[in-house]
Amino acid sequence: MTEPQHIAVIDIGKTNAKLALVDLATLTEIAVVTRPNVVQAESPWPHYDVEGHWAFLLGALRTFHRDHRVNAISITTHGACAALLAADGSLAAPILDYEYEYPSDIVTAYDALKPDFALTGSPRMVGGLNIGAQLHYQFTTDPTLRDRTAQIVTYPQFWGHRLTGIAATDVTSLGCHTDLWDPHKGAFSNLAAALGVQDEMATVRHPSDILGPILPDIAEATGLDPNTPVCVGIHDSNASLYPHLLSQHAPACVVSTGTWVVAMSLTGNDAVPIPPLDPARDTLINVNALGQAVPSARFMGGREYEVIQNGHPYAPTRQDVTTVLERSLMLLPSVEHGTGPFQGCKMQWRDTEPPVGSGQRSVALSYYLALMTGTCLDLIEGTGPTIVEGPFAHNAEFIAMLKAVTHRPVFTSEAVTGTSIGAALLFNHHEKLPNASSAENPHVGEDLLNYVDRWRTLVQTGR
């Protein structure tokens, strides 16, 4: 196959659906379009607007190909999502929103089936953040669904199936707190059999495998060459990790930022054991694109940012920074208290809550997000430099505080969207990789270090 130049990356996040066109030679995005990922409330359960996304993606592929030419398609999506396919390849049921919370009796019944954390590295999470819990809820709620389900695919491969007609799952999506995967053995856990879905789970593939060429009707609708290849696809946090998985030769940590902030540890040595992880603090084992176990910790940092800013972000001044540090104006965890390292803790402001749209609010929020990220890195015993991917890489206050928290170098990705670059690299890992650049951090002064100590003391003592 001729090496592709322009990779169209389907990138479905929890907040937005996106199509990015990546130039593989320069590893830059030359075009990006987005649409909101609005959950549909209609029965039988809250679900994703896949038909709206599909129309959007086909239109964007047509435009990208007309303006730039598209040579290949890669796919990355959020985790905690599976699609149930009928025998004719259509959806047997709408794709369930992972944030939907189930009745207590169904939760209790699932907890009796869920494999132990020691086996799967998958903690018990709220709603459908465990795909196993989703499947259990769907089959319990709709007893006819099991007979209508011919195959089960993970979310990147749902879009791949629509493009190629070929069903698959991938190791990164199965290894993303599904309860269905044993990362130590690289095989399905006993939950697949307990749920009676072991025969319906589509073939497990690696993300960089070629799923197939696009279907003829896709070629006709978009103008793409009928032989345009589509790769299997990858979980979005692992897409952010992928360039560094290929390029890092020493211990390092990657922080993927978006709706979720996911901290992942690269030891640089397969012989290094996974540190003790605490499922109650949202630590877990992810599985990278090579099928290897990756100690991880996470919280809904992007969602928390949106909640606190309330649609009124503000670029802070130096005086705002000084005021926040002098007053020890702090946001204490947790804004989203159902996930993250401080589950069950109720958010509160120390000192007077700054007004929405103020620079002081922006600074305190950025510091909070960095301190939460630092906590995640501590929980996975991260070492080496920290590489920040995604929107928070452009937040100077976040980067400065993260350096203070970790006492280690902090680097930022050059890419606007780390997930898109990582997904595009599934087609080629021989060319140069995107270099992380040293963040222009000021020297970590005593004021920042004192702020870290105060925040940690308040959190540890329960305020």
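For the reader, a short list of remarks on this structure follows.
- Of all residues in the stretch 294-311, none satisfies being more than 24 Å from the chain's Cα centre (by Cα) and of a type in the set (V, I, T).
- When residues in the stretch 1-22 are screened for being farther than 15 Å from L57 by Cα and not in a strand (DSSP E or B), 7 of them pass.
- Residue match in the stretch 36-54 (condition: of a type in the set (F, W, Y), in a helix (DSSP H, G or I) and over 19 Å from the mean Cα position of the chain (by Cα)): yes
- Which numbered condition A168 fails, given (1) surrounded by fewer than 20 Cβ atoms within 10 Å (Cβ to Cβ); (2) touching a Lys or Arg at 6+ places or on another chain (Cβ under 7 Å): (1)
- Taken over the stretch 374-393, the criterion of being more than 18 Å from the chain's Cα centre (by Cα) and more than 17 Å from V459 (Cα to Cα) is satisfied by E381, G382, T383, G384, P385.
- Here L331, L371 are screened, and the one residue that is under 28 Å from the mean Cα position of the chain (by Cα) and in a strand (DSSP E or B) is L331.
- Among residues that are of a type in the set (S, T, Y) and either within 24 Å of the chain's Cα centre (by Cα) or closer than 20 Å to S208 by Cα (or both), T77 is included.
- Residue within the stretch 335-347 that is surrounded by 15 or more Cβ atoms within 10 Å (Cβ to Cβ), not assigned by TED's automatic domain parsing to the domain that holds E99 and not in a loop (DSSP other than H, G, I, E, B) present: no
- Exactly one residue out of L174, L191, L215, L245 is of a type in the set (A, V, I, L, M), surrounded by fewer than 24 Cβ atoms within 10 Å (Cβ to Cβ) and at pLDDT 95 or above: that is L215.
- Residue in the stretch 184-209 that is farthest from G422 (Cα to Cα), counting only those that are outside any loop (DSSP other than H, G, I, E, B) and in contact (Cβ under 8 Å) with a residue 24 or more places away in the chain: A194
- Enumerated helices (runs of 4 or more DSSP H) restricted to the stretch 129-177, each holding at least 1 residues that are farther than 17 Å from D88 by Cα and either in contact (Cβ under 8 Å) with a residue 12 or more places away in the chain or within 25 Å of the chain's Cα centre (by Cα) (or both): 131-141, 155-164, 171-174
- Residue tally, condition of a type in the set (S, T, Y) and in a helix (DSSP H, G or I), over the stretch 210-239: 2
- Subset of the stretch 194-211 [of a type in the set (S, T, Y) and within 15 Å of A82 (Cα to Cα)]: T203
- A202 out of contact with any Phe, Trp or Tyr (no Cβ under 7 Å at 6 or more places or on another chain), surrounded by fewer than 19 Cβ atoms within 10 Å (Cβ to Cβ) and at pLDDT 95 or above: no
- Filter pass, G291 being assigned to a strand (DSSP E or B) and either in contact with a helix residue (DSSP H, G or I) (Cβ under 8 Å, 6 or more places away or on another chain) or polar (S, T, N, Q) (or both): no
The values are calculated or read from the model by the stated rules, or taken from the named source; none is laboratory data. Since the model is a prediction, treat every value here as computed from it, not as a measurement. Cβ: placed from backbone, ideal geometry, glycine included. Neighbour counts: every protein chain shown.
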